[in-house]
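For reference, the structure is listed below as structure tokens.
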Amino acid sequence: MTTPNDRSLSPWIATTAEIRAAFPALERVHQGHRVAYFDGPGGTQVPRIVVDAMADYLVHHNANAHWAFPTSMETDSALAEARRTLAEFLNGSPGEIAFGPNMTALTFHLARALGRSLGPHDAIVVTELDHHANVDPWRALRRERGVTILRVGMVPETGQLDWDDLDRCLTDHRTRLLAIGAASNALGTINDVARAVAMAREADALTFVDAVHFAPHQLVDVRAWDCDFLACSAYKFYGPHVGILYGKRQRLEALEVPKLEPAPETIPERLETGTQNHEGIVGAAAAVEYLASLATGAEGSPGLSRRERLGAVFDALHQRGAALLTALWHGLSDIQGIRMFGPPPDAPRTPTLSFTLDTHPAAEVSRRLAARGIFASHGNFYALNAARKLGVEADGLVRLGCACYTSEDEVARVIDEVHAIARDG
Ligand SMILES: Cc1ncc(COP(=O)(O)O)c(C=O)c1O
């Protein structure tokens, strides 16, 4: 029988067993149980090769940038190389990639810069599906600049955007920016970003895409989407805690960005505040390199660019993730008192599933799973508006996220344990 982890289905990328061997954290045992990490949407585990790259930077090349001695010059070239790597990851160019502490800080920074040219006659559109990191930085401009903030609704039954509402928000107002998520970290919904960007462009609005939950699961393509700005976080795709901001060259050049006078005026450095997390940036690039290295068969042949190898790897990982999600969805659906949220397995989605049990609060489910070695997050995951719309703001959701190292056995284990918890209630 063909299983989604078989080489027969994706012969040119590493098997799940090979992938698992690269992640030391998977060896952890908790209360006698091998730990199964379903907390990937909150932050994934890190392969040894990423840890080694960061340690190598700190041990051998550590310095501040832009000086005329070896460690500083080595730092400059490590940062330049990382920009090239992250540019390839997102399909932008190195001058369009800025680093920062995390997506939230970068988005506040960008919002402040864009807000300098906005006023009371302007509107920004956010969505009900989004993490608050793609809501509050824009909402701050209401207080600071008098900008109108419009919120596109979500359809609670499917966890998908209300596209008619989006159309209304874009056309009935003087909308200057659409801030949209590529994928919902709470429900797994994948939005048709290219369509949203085209609609925004039609309305003469810029676009900012939150790709934090999307980037670990599908290959971002800023050129295909034609978005103006995009942000993601390396700690969600097997790297360290670093944020990455993409902006179209002409947009970054034109931004009235808050900056120190002596700091570089050139892009992308003009977007970066203070000394960067050099080891983290090196680690983020190593995470991309790790993902590309999973193309081990014909598709990983030396003739292919890193971007092409990433494409092959993400296609295969997406198939595996979809199979795991389908197994989870069907395995949990017959539990009495379970409510599962978000789009069904055959809709565009990531392998992230949220649910509640009417017998136990989400925090209790999470605690009981942890006692069996299954680490799963609970709460609203800062997707507060979606949680409110679904009526789960008080108790929150339990979230199970599959990552590249998630095995079929782990999925079977979590299904059994959730059944046991529900029976116990
Ligand atoms: C969809 C989404 N957007 C934004 C964020 C915020 O990212 P960061 O922690 O890098 O600020 C998260 C974090 O969980 C997220 O899942």
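Please treat every number below as a calculation from the coordinates, not as lab data. Not measured: the values here are computed from a predicted model. Don't worry about glycine lacking a Cβ; one is built from the backbone with ideal geometry, like all the others, and counts go over all protein chains shown.
So if I take the centroid of the Cα atoms in region 348-424 and the same for region 146-163, what is the distance between those two points in Å?
Cα centroid to Cα centroid, the span is 24 Å.
By the scheme Lys and Arg +1, Asp and Glu -1, what is the net charge of all other residues having a beta-carbon under 13 Å from that of Ala123?
Around Ala123, the charge tally is +4.
May I ask what percent, to the nearest 5, of DSSP beta bridges between residues of region 203-341 are antiparallel?
60 percent
Please report the antiparallel percentage of DSSP beta bridges with both residues in the chain, rounded to the nearest 5.
60 percent
What is the packing order of peptides 13-25, 168-180, taking the mean over residues of other C-beta atoms within 10 Å and listing the highest first?
Highest-to-lowest ranking by the protection proxy: 168-180, 13-25.
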